[in-house]
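Peer 1: Structure incoming, see below.
The values are calculated or read from the model by the stated rules, or taken from the named source; none is laboratory data. Just so you know, these numbers come straight off a predicted model, no measurement behind them. Note that each Cβ is placed from the backbone with ideal geometry, even for glycine, and that neighbours are counted across all protein chains shown. To get the accessible areas, we keep the full protein, side chains included, count just its heavy atoms, and leave off ligands, DNA and RNA. Shrake-Rupley method; radii C 1.70, N 1.55, O 1.52, S 1.80 Å.
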Amino acid sequence: MGKVVLYSSVSVDGFIADEDDQPGPLFDWLLSGDVPLDESGELKVSQASYDYTRAYWDQIGVTVAGRRVFDMTDGWGGNPPSGIDHVVVVTHRPAPEGWDPRAPFHFVDGVEAAVARAQELAGDRIVEVAAGDVGGQALAAGLVDEVRMDVVPVVLGSGKRYFGPVHAQHLLEGPEEVIEGDRVLHLRYRVRR
C-alpha cells in the first residue's frame, strides 16, 4: 500500500485560502518559472520546483478531497486534476444529479472510509489528501504518513487553515526535504508515529 500524504500550497501564516475560499497568490509559484510542469504548458515553474513537484505528482494515484472542494471546482469537469487516476470525495451527500457514473470519482461517507477506498484504488501509489478540514481529520485519525507543503511568501491573516480545526498536538519528523523554488519553499515532513 502506498503512503498517505497531506498536501497543499500554504501561506506562511498557515492558510490555504482566504475567508471566501479564494487562494489569492498561493498558486502564483506555478506560473513563476520557465520550465513547463505539465503537457498543457500553462504551468511553468523553476527547475528546482519542477524536479520536486513533477517527481511527486508522478507518484500520486488518488486524491482525497472534501465535497466543498469538489463543488467549488465543479468536479474538475469529471477529469481528475494533474493526471491523477481517481478522486475520492468525502461527503454525506450522493453524487450530483446528472453526474457521469463512469467518471473516476468515488463519493464516500467519512474520512476513514475515504482513505481506505483511496488506498484500494491507488495500490502502491501515493494517496494525496487535500489539506484543510478533510486533511486535518485524516491527520487526527492517524491516517497520514507524510505532510508536504509548498510555503508561499504571503501572509493571508485569516481564512481556511492548512490543518483545518485540529485540536491536538501532532509531532512531525525532519524536515525530510527542503527545496527552494521561485517564490515558494517546498517542505516534506514524516508524521511521527
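Peer 1: Only residues of region 111-144 count here: report those whose backbone N is under 13 Å from the spot 7 Å along Cα→Cβ of R67, or say none.
Peer 2: Taking a point 7 Å out along Cα→Cβ of R67, the residues of region 111-144 whose backbone N falls under 13 Å are 111.
Peer 1: Assign unit charges at the C-beta atoms only (+1 for Lys and Arg, -1 for Asp and Glu), then state the dipole size of the chain relative to its Cα centre in Debye, rounded to the nearest 20.
Peer 2: 560 debye
Peer 1: What does the accessible area per residue of the chain come to in Å², with a 1.4 Å probe and no ligands, DNA or RNA counted?
Peer 2: Here the per-residue accessible area is 50 Å².
Peer 1: Under the rule of at least 5 residues apart or a separate chain, name every residue whose amide H is placed under 5 Å from the amide H of D38.
Peer 2: L43
Peer 1: Could you pull out the chymotrypsin sites (Phe, Trp or Tyr not before Pro) across region 79-122 that fall in loop regions by DSSP (anything but H, G, I, E, B) with no more than 13 other Cβ atoms inside 10 Å?
Peer 2: W99
Peer 1: Which percent of the accessible heavy-atom area of the chain goes to carbon and sulfur, probe 1.4 angstrom?
Peer 2: 50 percent
Peer 1: Still on this structure: So what is the relative contact order of the chain, in percent, for Cα pairs below 8 Å that sit 6 or more residues apart?
Peer 2: Relative CO of the chain lands at 33 percent.
Peer 1: Projected onto the charge dipole of the chain (+1 at Lys/Arg Cβ, -1 at Asp/Glu Cβ, origin at the Cα centre), which of V155, V129, G24 gives the Cα projection farthest towards the positive end?
Peer 2: Farthest along the dipole direction, towards plus: V129.
Peer 1: Oh, and also: Accessible surface of H106 in the full protein assembly, 1.4 angstrom probe, to the nearest 10 Å²?
Peer 2: 40 Å²
Peer 1: Then there is this: Determine ³J(HN,Hα), in whole Hz, for all residues of region 18-32 in sequence, where each value follows from phi through the Karplus function 6.51 cos²θ - 1.76 cosθ + 1.60 and θ = phi - 60°; x replaces Gly and Pro.
Peer 2: Values per residue, Gly and Pro as x: 7, 4, 9, 6, 9, x, x, x, 5, 10, 4, 4, 6, 10, 9 Hz.
Peer 1: While we're looking at this one, here's another question. Sort F15, F163, F27 from largest to smallest accessible area, using a 1.4 Å probe on the heavy atoms of the protein chains.
Peer 2: F27, F163, F15
Peer 1: With a 1.4 Å probe and all protein chains kept in place, how much accessible area does R190 have, in Å² rounded to the nearest 10?
Peer 2: 110 Å²
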